[in-house]
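K.L.:
Below are the structure tokens for one structure; questions will follow.
What follows is calculated from the coordinates using simple rules that are stated; it is not laboratory data. A quick note: this is a predicted structure, and the numbers were derived from the prediction, not measured. Note that we place each Cβ from the backbone using ideal geometry, even for glycine, and neighbour counts take in every protein chain shown.
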Amino acid sequence: AGSGTFTRGGARMTRHVEATEVKGNRAFGLGKGHKTQTLKKKRISRRIGHQNKRVAFVRSVVREVAGFAPYEKRCLELLRVNKDKRALKYCKKKLGTHKRAKTKREEMSNVIVAQRKAQLADKE
């Protein structure tokens, strides 16, 4: 804080002596305070949307144990009879936004593809 002025109760007051840099862990004098280091944080915009391995594993276990929600089952049925647009509208009504509905519909179509692959593997 080398500006030379500080505010007190709304009025700007000038220092008689310039504030100096913190010299150590002192509780008195002009250089009082703790020495600190500035940490560089990762920009949160780069991290958003990136899925952790552990999170992916936990979600897969929950999906395996709990199965699908009733609206997801209905969405799967609509996709099985090629009613993609209706499935999107249904998901949008249940989830609230178009973007969430699109991702959910994509997820459900991927589930159908995985189920078909599993059936083919069982037959062979």
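K.L.:
³J(HN,Hα) across the range 97-112 via Karplus (A = 6.51, B = -1.76, C = 1.60, θ = phi - 60°), whole Hz, x for Gly/Pro?
P.N.:
10, 5, 5, 4, 5, 4, 5, 5, 4, 4, 4, 5, 5, 5, 5, 4
K.L.:
Out of the range 40-124, which chymotrypsin sites (Phe, Trp or Tyr not before Pro) are coil in DSSP terms and have no more than 15 other C-beta atoms within 10 Å?
P.N.:
Qualifying residues, ordered by number: F68.
K.L.:
Sticking with this one: To make sure I understand the rule: partners must be lysines, Cα under 17 Å from the Cα of K32, and not fewer than 8 residues away in the same chain. Which ones qualify?
P.N.:
Qualifying lysines at Cα under 17 Å: K23.
K.L.:
Above 18 Å lies some portion of the pair distances; for the range 46-115, what is it as a whole percent of all C-alpha pairs?
P.N.:
Working: 1066 of 2415 pairs.
Cα-Cα pairs in the range 46-115 separated by more than 18 Å: 44 percent.
K.L.:
Add +1 for every Lys or Arg and -1 for every Asp or Glu among the other residues with Cβ under 14 Å from the Cβ of H34, and state the total.
P.N.:
On the way: positive: K23, R26, K32, K35; negative: E21.
Residues close to H34 contribute a combined charge of +3.
K.L.:
Okay, next question. Hey, which lysines would be in cross-link range of K102, C-alpha to C-alpha under 24 Å, not counting anything within fewer than 8 residues on its own chain?
P.N.:
Within reach: K53, K73, K83, K85, K89, K92, K93, K94, K117.
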